[in-house]
Amino acid sequence: MAFDLEGLYRTTYDSVVRFLYRKVWDADRAEDLAQEVFMRALAHQPEKPRSWVFAVAANIARDEARAAFRRRKHLVLISHEPSAAPAANDDVEEAMDHAEQEAEVKRALAMLTPRDREVLLLWDAGLSYPEIAEQTQLALGAVGTTLARARQRVVEAHDSMEGQRAEHRANARS
């Protein structure tokens, strides 16, 4: 059977970008990294392309995180550029809400163990339990348990943050 890069790209690109975004938290960078994943798929023509793509995406994201850490470690911020003033108050509030929600997701995911986070993100990207098991080296039966635990912990973390935010708003009004 011939390797179908076009079909693989069409059916998994959005999921790969979403998976990478949740690893690097930069939409443009996630798209760039996804392109790299598919270029490697073209070169390697893997037997199990869907699982392979996500395994490569995870490795690329890990490498990206290491490189970003090294860059941050060596860079010194010497100037700040003023940001443009928003056009309307609604836009500002919407942007602030979005940024706050994104920060909460990051914090909730950060509370998970690396394995739980990986399983949750792979599941969210649309991988099947067998594909998740293959990529993470978990037993197939452990995938569901790990996923359930990860989901529960994310919900608990979100609920906790939501409670803290509600308390903060109530204190601000007083």
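The values are calculated or read from the model by the stated rules, or taken from the named source; none is laboratory data. Remember, it's a predicted structure, so these values are computed and weren't measured experimentally. Counting neighbours? That spans all protein chains shown, and the Cβs are built from the backbone with ideal geometry, glycine included.
Which residues, taken from the stretch 133-174, are small (G, A, S) and in contact with a Leu (Cβ under 7 Å, 6 or more places away or on another chain)?
Start the filter on the stretch 133-174 by keeping residues that are small (G, A, S), which leaves 133, 139, 141-142, 144, 148, 150, 157, 160, 163, 166, 170, 172, 174.
Selection gives A133, A150.
Can you confirm whether the stretch 143-163 contains a residue that is assigned to a loop (DSSP other than H, G, I, E, B) and over 19 Å from the mean Cα position of the chain (by Cα)? Reasoning before the result, please.
Start the filter on the stretch 143-163 by keeping residues that are assigned to a loop (DSSP other than H, G, I, E, B), which leaves none.
No, that holds for no residue.
Restricted to the stretch 117-130, and to residues that are in a helix (DSSP H, G or I) and within 13 Å of the chain's Cα centre (by Cα), which residue is surrounded by the fewest Cβ atoms within 10 Å (Cβ to Cβ)?
Only one residue fits best here, namely D124.
Check whether at least one residue in the stretch 25-34 is under 29 Å from V154 (Cβ atoms), of a type in the set (D, E), at pLDDT 90 or above and touching a helix residue (DSSP H, G or I) at 6+ places or on another chain (Cβ under 8 Å), and report yes or no.
Yes: one or more hits.
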